[in-house]
Amino acid sequence: QEVERAIRFNRALSVLVIDIDNFKQINDRFGHQRGDAILAELANRAVSETRAQVDTVARYGGEEFVLVLPETPLAGGLVVAEKVRDRIASVPFGAPGEEPITVTVSIGVACFPQHGTKPQTLIRAADQAMYEAKGRGRNRVVS
């Protein structure tokens, strides 16, 4: 819907694909229950860096999330992505009494209309950028 709105009104829209770095190792070492708790907390941290009632945060796959940022050009999408990346990496995950777990994410950013004009095209472009971020060493943002 947001992409259709961006097309109709010729407005910018950014899409972020977030993937937790080395999540399988976290699950293997700490268990799936801790992994699930990290997924929930990561979503909360991502939401805290977005605009309530405007932006959308959704789980996209195992350890992937998609953020849709209407009315946000590429430069703004990169700023939000960096804020999300920093918020996740800067504070270890874990409840009191649990061993803290440092988590990092790789984030790909794509923007309408530069990277595509259809939802799946934008997600694919952001996903490719996310894999490029992983290839560059993880814990970074790429567009």
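Observations on the structure shown:
Residue-wise test of (1) surrounded by fewer than 17 Cβ atoms within 10 Å (Cβ to Cβ); (2) without any contact (Cβ under 8 Å) to a residue 60 or more places away in the chain; (3) not hydroxyl-bearing (Ser, Thr, Tyr).
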{"site": "LYS24", "(1), (2), (3)": "yes, yes, yes"}
{"site": "GLY31", "(1), (2), (3)": "yes, yes, yes"}
{"site": "GLY61", "(1), (2), (3)": "yes, yes, yes"}
{"site": "ALA81", "(1), (2), (3)": "no, no, yes"}
{"site": "ILE88", "(1), (2), (3)": "no, yes, yes"}
{"site": "PRO100", "(1), (2), (3)": "yes, yes, yes"}
{"site": "SER106", "(1), (2), (3)": "no, no, no"}
{"site": "PHE112", "(1), (2), (3)": "no, no, yes"}
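- Looking only at segment 1-57, and only at residues there that are in a strand (DSSP E or B) and of a type outside the set (S, T, N, Q), the one that is farthest from PRO92 (Cα to Cα): LEU13
- Against the list (1) at pLDDT 95 or above; (2) over 15 Å from the mean Cα position of the chain (by Cα); (3) not polar (S, T, N, Q), the condition GLY108 fails is (2).
- Residues in segment 91-113 that are under 17 Å from ARG8 (Cα atoms) and out of contact with any helix residue (DSSP H, G or I) (no Cβ under 6 Å at 6 or more places or on another chain): PRO113 only.
- Options ASP86, ASP21: the member that is in contact with a Ser or Thr (Cβ under 7 Å, 6 or more places away or on another chain) and farther than 24 Å from PHE112 by Cα: ASP21
- For segment 43-61, a residue qualifies if it is β-branched (Val, Ile, Thr) and closer than 15 Å to ALA81 by Cβ, and the qualifying residues are VAL47, THR50, THR56, VAL57.
- Criterion applied to GLU4, GLU64, GLU71 was being under 20 Å from GLN114 (Cβ atoms), at pLDDT 95 or above and acidic (Asp, Glu), and the one residue passing it is GLU71.
- Within segment 84-143, the set of residues being under 16 Å from VAL68 (Cα atoms), among the charged types (D, E, K, R) and in a loop (DSSP other than H, G, I, E, B) comprises just one member, LYS118.
- Of all residues in segment 11-60, those satisfying the criterion of being under 20 Å from ALA126 (Cα atoms) and among the polar types (S, T, N, Q) are SER14, ASN22, THR50, THR56.
- Per-region count, segment 59-80, residues closer than 24 Å to ASP36 by Cβ and not in a loop (DSSP other than H, G, I, E, B): 6
The values are calculated or read from the model by the stated rules, or taken from the named source; none is laboratory data. Bear in mind that the values here come from a model prediction, so they are computed numbers and not experimental data. Glycine gets a Cβ as well: all are built from the backbone with ideal geometry, and neighbour counts include every protein chain shown.
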